[in-house]
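In what follows, a structure is listed as structure tokens, so that the remarks can point back to it.
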Amino acid sequence: MERAKWKTTVLLLALLSPLLFIAIPPSSTWAQLPTEINALVKLKGGFAALENNRSGEAFTDCFAKGSPICNQPGATLNDDTMGYNFGGGLDLPLWLLPWGHVVIAELDIGFSRFSTGQTFLQLIENGPTSLGGPTPCGAPRCPIGTKPGFIDPPGGGFVDANGQGGRPSPQPGVRTAKITTVNAGINPKYRMDTLFGDDRKLRPWIIPAGWEFQIFSPPPHSMQMWEIGGVTGVGMDIHVWERIWLGVEGRYHYQYTDHTGIDGNFFTAGGYLGVSW
């Protein structure tokens, strides 16, 4: 119940945050802003961490190796929460406020990978090698623990005697499961351009609450892969040379809905390279 109240509060904040600045008349429109204030295109990368690991799900590690099939030699748990993130973004200035700060509309997209493990899944292990095709055993279903595993995805350059791509695993039935999340969103950003001087060389910013569309892989138990979520964050733009900027940032990505049935909240932190235009 407390979690539901917290989510409702953050959702209302995300809805109302763009309205906080409408009552403040801008001193310039976007077309009149100088180069050091104008739009910024960014490429970014860094560290990512899940708030909670996804171990114990069917497609991540075969229900945490809870059955005899999952406990075969070579199976591991996808219980790591640490990983990496990369992506890009676009800052579009909306209003230059009288005291020199700027209200930004940010477009952001990112890819995060957290964990990789070898998983046994009976549904995959005993089934045919292709939809409607024969099994490598020549029978409708392979005996438990006999179907060859694949570490590399199809198309990786290797083709076995059955025409299947991928590099065989020494353990029958083993598949590589990679925990990943893709996020894409639009966020209101408040950038304090003149906090450290009128030259605007250091520009700290905050995102109070934004919007994100989040996709999770592998699918959770519910087989629903997407969530409507949000983000809050802080960072700073640092002017390097002419139109070139460097930056540092930290973000917390969370879910507004419980569509997937998992806790997919995660953190990202790192740097970015930007070009103003």
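The numbers here are math on the coordinates, done by the rules we state, and not lab data. No experiment lies behind these values; they were computed from the predicted model shown. Quick reminder, even Gly has a Cβ in these numbers, built from the backbone with ideal geometry, and neighbours come from all protein chains shown.
By counting other Cβ atoms within 10 Å of each Cβ, how are ILE262, ILE238 ranked from fewest to most? Working shown, then result.
On the way: ILE262 19, ILE238 15.
Lowest count first: ILE238, ILE262.
If the Kirkwood radius is taken over C-alpha pairs of the range 169-277, then at 4 °C and 1.567 mPa s the Stokes-Einstein diffusion coefficient equals 80 µm²/s. Near the amide H of GLY230, within less than 5 Å, lie the amide hydrogens of GLU212, TYR254, GLN255, TYR256, all on another chain or at least 5 residues away, with H placed in the peptide plane.
Ordered by the number of other Cβ atoms lying within 10 Å of each residue's own Cβ, fewest first, ASP91, ASP258, ASP199 fall into the sequence ASP199, ASP258, ASP91.
Here the residues ARG113, ARG200, ranked from fewest to most Cβ neighbours within 10 Å of their Cβ, fall in the order ARG113, ARG200.
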